[in-house]
Amino acid sequence: MNVQRQSIIALVPAAGSGTRLMAGVDKAFFELEGKPLLFWTLRALERVPEIDEIIPAVKAERIAQTLDMARLGGLKKIRRIARGGKERQDSVSNALALVPAQAGIVLIHDAARPFAAAAFISRLIAALEPPFDGVIPGIMPRDTIKEVASSDNGQFVLSTPDRSRLVAVQTPQVFRCQAIKAAYELASKEGFYSTDDSALIEAAGGKVRVVPGEPGNIKLTTPEDIVTAKEFFRSAWAGPLGTGTLG
Ligand code: C5P
């Protein structure tokens with residue numbers, strides 16, 4: 001008998017303004033190699049065999065453009081687009097509302113990380129097993145991290161956490177559908193906001209597994225990151241558009 005597996009849906013918050021990029025355009029629509037950053041991120045997810053559908057969340061005025069981009073770029077897993085919200089969490093929440101309750105797994109990935117390789121994403125999905133509600137990629141920090149606070153005289157140190165107990169967290173993050181839906185509902189009820197989806201699972205008492213992240217899976221944030229990304233495209237994507245080997 002052919003047992004159908006539960007569907008895996010990827011959500012891509014892409015409705016930020018990205019002012020730190022100082023590019024004068026919404027970050028997800030900043031062009032790299034002639035295509036918006038969001039296109040490269042969606043293409044990376046499109047190439048993951050386990051993913052059935054991809055739902056980006058973009059500002060209302062970008063919805064038509066995003067649908068066109070997906071169609072012209074041959075991104076077949078994009079069938080619906082969510083409206084972006086005020087904060088990242090609101091954008092994810094709008095996209096999550098489009099996910100049917102019977103879906104199996106929800107993966108959430110920032111538009112600002114175009115270099116997540118397919119094998120890496122498959123590895124994260126495979127790591128979601130009981131008793132965990134979610135899997136996140138973490139990188140051990142090279143630097144010592146200080147907890148700080150602000151005062152009239154600038155920042156001062158509150159504490160120095162033991163570095164061996166810290167990880168810097170990336171996306172994609174992978175969740176059991178029921179768990180992330182419940183965590184988002186609870187956060188909404190309690191007015192709890194975070195820049196990290198797994199923090200909502202933690203707040204709901206769920207269990208989050210950490211697996212090694214990838215140093216190359218950078219989040220494009222500053223103008224320097226754009227320089228790095230252009231170099232990356234030049235070296236790793238040798239060949240005309242669409243024939244790159246990444247992912
Ligand atoms: O600003 P930051 O880089 O942390 O944003 C992370 C991701 O969340 C980006 O891909 C951005 O487009 C998205 N975002 C969103 N809606 C917002 C703010 C940010 O979808 N209101």
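The values are calculated or read from the model by the stated rules, or taken from the named source; none is laboratory data. The model shown is predicted, which means the values in this text are computed figures rather than measured ones. In this analysis, Cβ positions are derived from the backbone assuming ideal geometry, glycine residues included, and neighbour counts consider all displayed protein chains. Side chains included, ligands, DNA and RNA excluded: accessible areas come from the protein's heavy atoms. Shrake-Rupley method; radii C 1.70, N 1.55, O 1.52, S 1.80 Å.
Each residue in region 226-238 was checked for being surrounded by 12 or more Cβ atoms within 10 Å (Cβ to Cβ) and free of Cβ contacts under 8 Å to residues at least 24 places away in the same chain, and 2 pass. The residues listed here are ALA101, ALA116, ALA95; of these, the one that is buried (at least 17 other Cβ atoms within 10 Å of the Cβ) and touching a helix residue (DSSP H, G or I) at 6+ places or on another chain (Cβ under 9 Å) is ALA116. Pairs linking a residue in region 204-223 that is more than 16 Å from the ligand (Cβ to nearest atom) to a residue that is open to solvent by 60 Å² or more (accessible area, probe 1.4 Å) and among the acidic types (Asp, Glu), with Cβ atoms under 8 Å and 6 or more positions apart or on different chains, are VAL208/GLU202. Within region 76-92, the set of residues being out of contact with any helix residue (DSSP H, G or I) (no Cβ under 6 Å at 6 or more places or on another chain) and away from the ligand (no atom under 14 Å from the Cβ) comprises LYS76, ARG79, ARG80.
Okay, residues lined up against (1) part of a helix (DSSP H, G or I); (2) open to solvent by 50 Å² or more (accessible area, probe 1.4 Å):
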site	(1), (2)
SER150	no, yes
VAL157	no, yes
THR171	no, no
ALA182	yes, yes
ALA187	yes, no
PHE192	no, yes
SER198	yes, no
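Scanning region 130-146 for residues that are closer than 30 Å to ALA179 by Cα and not aliphatic (A, V, I, L, M), which turns out most open to solvent (accessible area, probe 1.4 Å)? First the steps, then the outcome.
Taking region 130-146 and keeping what is closer than 30 Å to ALA179 by Cα, we get 130-141.
Cutting the leftovers down to not aliphatic (A, V, I, L, M) gives us 130-134, 137-138, 141.
On the way: PRO130: 123, PRO131: 84, PHE132: 49, ASP133: 26, GLY134: 0, PRO137: 0, GLY138: 10, PRO141: 26 Å².
Going through the qualifying residues, I end up with PRO130.
If you go through region 44-75 and keep only what is open to solvent by less than 10 Å² (accessible area, probe 1.4 Å), within 16 Å of the ligand (Cβ to nearest atom) and β-branched (Val, Ile, Thr), you end up with ILE54, ILE55, VAL58, THR66.
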